[in-house]
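One structure is given here, and the rest of the page talks about it.
Quick note: the coordinates plus some simple rules give every number you see, no bench work behind them. Everything numeric here is computed off the predicted structure, so don't read it as measured data. Heads up, the Cβs are rebuilt from the backbone with ideal geometry, glycines too, and the neighbour counts pull from every protein chain shown.
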Amino acid sequence: PKGNGSSTAPAAYTNVDLEQRGWEILVQALETSPDQRLVDFRARHGVGSDGAFDWKRFVEMKATGRGAQSQIELSNTEYDRAKRSGSDFILALVSGLETGQKDEVRLIFDPANCTTVKPTNG
């Protein structure tokens, strides 16, 4: 996950560990009904999201070990998916994943249209 660079994990944690912990917390927060399952796409490249509910509502997770991120980067594929999906795209900011920190999940619906967007590459 990309963050603001100031929240790198200590050597005891890998980014993969933090991302997996973040995903588990996110699934717990979002799966409110047994017939609505968040499918994990993190290993699939080119989807433009980390997961989805029935290929209709897409979820992109950005995780960090410490405090909430102040700046987020989306890949071009993620941004395109967010733009096309509108309110059916959720940017999930999961923070506080390290031991001793407080877990927090922030959800931003339709981030491509309701936040300040600044391109970082072509």
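Remarks
- Look at the dipole of the chain built from charges on Cβ: of T116, V16, W55, the Cα furthest out on the positive end belongs to T116.
- 3J(HN,Hα) couplings calculated from phi for the stretch 48-64 with the Karplus curve 6.51 cos²θ - 1.76 cosθ + 1.60 (θ = phi - 60°) are, in sequence order, x, 7, 8, x, 7, 9, 6, 6, 10, 10, 9, 10, 10, 9, 10, 10, 9 Hz; Gly and Pro show x.
- Residues whose amide H falls under 5 Å from that of G51, counting only those 5 or more places apart or on a different chain, are F41, V59, with hydrogens built in the peptide plane.
- Amide hydrogen proximity for L97: with H placed 1.01 Å from N in the peptide plane, the residues at 5 or more positions away or on another chain lying under 5 Å are T64, G65, R66.
- Note, ³J(HN,Hα) from phi for the stretch 89-105, Karplus 6.51, -1.76, 1.60, rounded to Hz, x at Gly and Pro: 10, 10, 9, 9, 9, 10, 9, x, 7, 7, 4, x, 9, 9, 5, 9, 10
- In the stretch 15-114, taking the dipole from charged Cβ atoms about the Cα centre, the farthest positive-side position among L91, L26, A43 is held by L91.
- Among beta bridges identified by DSSP and lying wholly in the chain, the antiparallel ones come to about 65 percent.
- For the chain, the longest site-free run once chymotrypsin sites (Phe, Trp or Tyr not before Pro) in DSSP loop states with at most 15 other Cβ atoms within 10 Å are removed: 56-122
- Dividing the summed helix terms, -39500 (n - 2.57) for each DSSP H run of n ≥ 4, by the number of residues in the chain produces a 222 nm estimate of -7000 deg cm²/dmol to the nearest 500.
- The stretch 34-42 - phi-based ³J(HN,Hα) in whole Hz, Karplus 6.51/-1.76/1.60, Gly and Pro as x: x, 8, 10, 9, 7, 7, 7, 10, 4
- Checking every one of the trypsin sites (Lys or Arg not before Pro) in the stretch 54-122 against DSSP loop status and a limit of 12 other Cβ atoms within 10 Å picks out K56, K102.
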